[in-house]
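Scroll down for the structure; my scribbles are underneath it.
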Amino acid sequence: GQLLLKWAENYIKNKGRTRIRLDCMAENDRLNQYYLDSGFQHIRLLHWDNGWKINLYEKSS
């Protein structure tokens, strides 16, 4: 997982972007904690009409 995140960060940085954004299901506690442990900041929780809840994360590259 860390190799994939690092690859994505480098890819985005090489494209001239300064931030990487991720999202995941809010109920996926393990993945949410993994993103936090990987240096991502929780930005917001989105509620969809169909009942889904999604957390948005962001990290500066």
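How large is ³J(HN,Hα), in whole Hz, for each residue of region 6-19 in order, when computed from phi with the Karplus curve 6.51 cos²θ - 1.76 cosθ + 1.60 and θ = phi - 60°, using x for Gly and Pro?
5, 4, 4, 4, 5, 4, 5, 4, 5, 8, x, 8, 10, 9
Would you check the accessible area of Ser61, probe 1.4 Å, heavy atoms only, in square angstrom rounded to 10?
Per-residue accessible area (Ser61): approximately 60 Å².
Between Trp48 and Arg17, what FRET efficiency follows from the Cβ-Cβ distance if R0 is 25 Å, with the result rounded to 0.05?
With a Förster radius of 25 Å, E is 0.45.
Per residue, how many Å² of accessible area does the chain show with a 1.4 Å probe?
Heavy-atom accessible area per residue stands at 80 Å².
If you filter the chain for chymotrypsin sites (Phe, Trp or Tyr not before Pro), then keep DSSP loop positions with at most 12 other Cβ within 10 Å, what is left?
Trp48, Trp52
Rounded to a whole number, what is D in µm²/s for the chain from Stokes-Einstein with the Kirkwood radius over alpha-carbon pairs (4 °C, 1.567 mPa s)?
Translational diffusion coefficient: 106 µm²/s.
Over the chain, with every protein chain in place, what whole percent of the accessible area is carbon and sulfur at 1.4 Å, could you tell me?
The value for the chain is 51 percent carbon and sulfur by accessible area.
Kindly sort His42, His47 by accessible area of their heavy atoms, largest first, with the probe set to 1.4 Å.
Per-residue accessible area, sorted high to low, gives His47, His42.
Restricting to DSSP loop positions (anything but H, G, I, E, B) with no more than 15 other Cβ atoms inside 10 Å of their own Cβ, which GluC sites (Glu not before Pro) remain in the chain?
Glu27
The values are calculated or read from the model by the stated rules, or taken from the named source; none is laboratory data. In this text the structure is predicted, and so the values were computed from the model without any measurement. Here the Cβ is made from the backbone with ideal geometry for all residues, glycine too, and neighbour counts use every protein chain on show. Only protein heavy atoms, including side chains, enter the accessible area calculation; ligands, DNA and RNA are left aside. Shrake-Rupley method; radii C 1.70, N 1.55, O 1.52, S 1.80 Å.
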